[in-house]
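Just so it is clear, none of the values below were taken in a lab; they were calculated from the coordinates. For clarity, every value in this text was computed on a predicted model and none was experimentally measured. Quick reminder, even Gly has a Cβ in these numbers, built from the backbone with ideal geometry, and neighbours come from all protein chains shown.
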Amino acid sequence: MTAAADTVTTIRVGRDREAYDVAIGRELASRVPAALPGARTVAVVRPPALAEFADAVVTALTADSRRVIVADLPAGEEAKSVASLTALWQSFGAAPLTRSDAIVAVGGGATTDVVGFAAATWLRGVRVVHVPTTLLGMVDAAIGGKTAINTESGKNLVGAFHPPAGVVVDLAVLDTLPDAQWVNGMAEVVKAGFIADPRILDLVEADTAGAGRPTGPHTRELVERAIRVKATVVTDDLRESGAREFLNYGHTLAHAIELVERFRWPHGHAVSVGLVFAAALAQRAGRLDADVAVRHRAVLEALGLPTRYAAGAWPALLDAMRVDKKARGDQLRFVVLDALASPAILTAPEPELLAAAYSEVAQ
Ligand SMILES: NC(=O)c1ccc[n+]([C@@H]2O[C@H](COP(=O)([O-])OP(=O)(O)OC[C@H]3O[C@@H](n4cnc5c(N)ncnc54)[C@H](O)[C@@H]3O)[C@@H](O)[C@H]2O)c1
């Protein structure tokens with residue numbers, strides 16, 4: 001299924017009025033104007049570190065006779081704040097940006113999250129195109145329409161569903177992505193492999209060194225396959241009421257680790273431990289074969305991702321899981337596998353079962 005290097009793959013997300021395309025290829029800045037018909041003024045928002053890459057988008061928009069304003073954001077998580085939103089609203093007001101105008105977010109998941117939320121709130125919603133620049137952004141954050149900022153109360157608690165008008169995945173930007181940031185995103189790619197597309201796991205296992213860097217031989221296929229998994233699930237369940245929960249595979253424990261670590265642990269590292277834990281849980285519940293459970297740790301460790309966490313942290317992690325926003329009432333819910341690519345929900349497992357599963361990731 002790998003497309004030739006110079007071709008563009010298009011994956012549709014959603015249905016009807018809320019549908020949008022994800023274009024995947026190299027040097028794709030020229031795709032941005034076409035995703036925003038009728039927008040006379042376009043605000044391009046990016047962190048300074050991505051200014052050069054974003055300039056190609058600005059040039060493409062200008063060449064298409066759009067008026068462009070450029071707005072800066074802090075790099076990374078620091079951008080997901082009320083202060084950033086206020087600054088963006090001021091830029092949009094000064095432009096001014098009308099209902100028929102649009103916004104383009106160029107950056108990682110933090111950038112697309114906050115710019116997506118700014119787009120959802122400006123004039124009660126204007127169009128946004130995401131140009132994700134990290135692996136996590138490409139396969140996860142930019143797709144699905146979830147936007148958010150962080151507040152004193154926690155991460156991602158304030159946000160909105162605001163599907164983009166388009167997503168442009170320019171693989172050329174990965175050339176500058178640090179390997180560690182790529183590996184962080186690979187946890188979500190591996191997750192997609194386990195819940196829906198085992199070919200991803202085969203690709204990683206066939207060349208673990210290549211899969212551990214953004215310039216590896218299977219980069220395009222890995223990105224495309226992971227996007228397809230997310231696109232399919234999101235299309236079936238746009239507002240997160242059913243199947244979309246499967247995308248949270250590994251995330252119940254991961255969110256707890258992130259909370260205990262006060263969000264200093266990279267998301268992908270927490271997801272990696274969470275995936276091994278979820279596999280152990282399913283195996284101990286008699287639902288998953290040992291070889292599939294073992295495969296979790298093998299694939300993730302081969303990529304250099306952590307698969308263990310502090311033994312003494314279990315009580316704090318359990319408390320954190322109980323208050324996770326994805327718990328329903330006081331019942332803990334876990335996405336588990338009954339087999340490869342066969343996700344299901346395990347509700348309210350016994351405390352002994354949980355502790356036994358944790359013992360497998362404890363160090
Ligand atoms: N909305 C969703 O559905 C969803 C899903 C998953 C994650 N997220 C969010 O995504 C965020 C994490 O995103 P992330 O991991 O992409 O990190 P990030 O956006 O914080 O970016 C990490 C760093 O990499 C830099 N960077 C980005 N692209 C680069 C490139 N091509 N070359 C060099 N440097 C580059 C950024 O400037 C930043 O300093 C979290 O806030 C998380 O909550 C959202």
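Any chance the stretch 118-132 includes a residue that's more than 11 Å from the ligand (Cβ to nearest atom), within 26 Å of residue 191 (Cα to Cα) and not basic (Lys, Arg)? Lay out the reasoning, then the answer.
As a first pass, look at the stretch 118-132 and keep what is more than 11 Å from the ligand (Cβ to nearest atom): 118-129.
Right, trim to within 26 Å of residue 191 (Cα to Cα) and you get 129.
Within this subset, residues satisfying the condition of being not basic (Lys, Arg) are 129.
Scanning the stretch 118-132 turns up at least one residue that is more than 11 Å from the ligand (Cβ to nearest atom), within 26 Å of residue 191 (Cα to Cα) and not basic (Lys, Arg).
Is it the case that residue 188 is of a type in the set (Asp, Glu), more than 13 Å from the ligand (Cβ to nearest atom) and either in contact (Cβ under 8 Å) with a residue 40 or more places away in the chain or buried (at least 16 other Cβ atoms within 10 Å of the Cβ) (or both)? Even if it seems obvious, please write down each step before you answer.
Working: of a type in the set (Asp, Glu): yes; more than 13 Å from the ligand (Cβ to nearest atom): no; either in contact (Cβ under 8 Å) with a residue 40 or more places away in the chain or buried (at least 16 other Cβ atoms within 10 Å of the Cβ) (or both): yes.
No, not satisfied.
Inside the stretch 248-294, can you point out the residues that are on the phi < 0 side of the Ramachandran plot and in a loop (DSSP other than H, G, I, E, B)?
As a first pass, look at the stretch 248-294 and keep what is on the phi < 0 side of the Ramachandran plot: 248-249, 251-261, 264-285, 287-294.
Correct list: 249, 261, 264, 265, 266, 285, 287, 288, 289.
Give the stretch 211-240 a look and list any residue that's part of a helix (DSSP H, G or I) and in contact with a Leu (Cβ under 9 Å, 6 or more places away or on another chain), or say none. Show your work before the answer.
If we filter the stretch 211-240 for residues that are part of a helix (DSSP H, G or I), which is where we start, we get 211, 219-236.
Of everything in the stretch 211-240, those that are part of a helix (DSSP H, G or I) and in contact with a Leu (Cβ under 9 Å, 6 or more places away or on another chain) turn out to be 211, 219, 220, 221, 222, 223, 225, 226, 229, 230, 233, 234.
Taking the stretch 52-77 as the range and being touching a residue at least 12 places away in the same chain (Cβ under 8 Å), within 11 Å of the ligand (Cβ to nearest atom) and part of a helix (DSSP H, G or I) as the test, the residues that pass are 53, 54, 76, 77.
Does residue 103 satisfy the criteria of being farther than 20 Å from residue 231 by Cβ, touching a Phe, Trp or Tyr at 6+ places or on another chain (Cβ under 9 Å) and either hydroxyl-bearing (Ser, Thr, Tyr) or within 16 Å of the ligand (Cβ to nearest atom) (or both)? Answer is yes for this residue. Before we move on, is residue 110 in contact (Cβ under 8 Å) with a residue 24 or more places away in the chain and within 21 Å of residue 167 (Cβ to Cβ)? In short, yes.
Can you pull out the residues in the stretch 247-263 that are buried (at least 21 other Cβ atoms within 10 Å of the Cβ) and in contact (Cβ under 8 Å) with a residue 24 or more places away in the chain?
Looking only at the stretch 247-263, we keep the residues that are buried (at least 21 other Cβ atoms within 10 Å of the Cβ), and these are 247-258.
Result: 247, 248, 249, 250, 251, 252, 253, 255, 256, 257, 258.
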